[in-house]
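Report on the following structure.
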Amino acid sequence: LGLPFNAVKPAFRESGMMFRPLRLNSMFAGAGSVALAGEAAGLISPSSAEGIGPALKSAYLLAQSFDKNGGLNIEKYRKKLLALRWNLYCKNLKIPAMFCPPLRRLAMRSGLTAVVAVRAESG
């Protein structure tokens with residue numbers, strides 16, 4: 001490839017502990033005039049350990065939670081965040097299949113990928 005390093009063989013591997021949101025109250029929007037977003041709020045996908053998607057979504061929801069004078073409405077943010085929190089919480093249901101090799105092989109062989117959502121057009 002002409003690269004100054006070997007891009008095919010990894011030089012080393014590292015690992016670490018990852019905490020997953022196991023309950024809805026593991027994800028916290030904040031209190032008073034302090035709001036939390038992304039990983040600070042515990043918004044981490046438990047199945048993929050991915051945090052950028054929930055971080056961007058929560059930042060967008062937080063931006064919508066300020067009034068015209070720039071004041072934070074934490075209750076509005078908490079309500080807007082509820083659907084995202086439920087989505088992440090429900091991803092816990094697939095964890096046993098993902099981390100149990102026989103169940104993971106069965107799921108991969110099934111061909112089941114994702115459910116396609118179709119939005120009906122109003123006419």
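Just so it is clear, none of the values below were taken in a lab; they were calculated from the coordinates. Just so we're clear, the structure is a prediction, and the values are computed from it rather than from any experiment. Here the Cβ positions follow ideal geometry from the backbone for every residue, glycine too, while neighbour counts run over all protein chains shown.
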* Label S48 and F66 with points 7 Å out from Cα along Cα→Cβ: what is the distance between them in nm? -> 2.8
* Report, ordered by chain and residue number, the aspartates and glutamates lying within cross-link reach of K57, taken as a straight Cα distance under 19 Å and ignoring same-chain residues fewer than 8 apart. => E39, D67, E75
* Fully extended, how many nm does the chain gain between L24 and C100 (0.36 nm per residue separation, minus their Cα-Cα distance)? -> 25.0 nm
* Asked: Simple spin-label model, 7 Å along Cα-to-Cβ: E39 to R13 in nm?
  -> 2.1
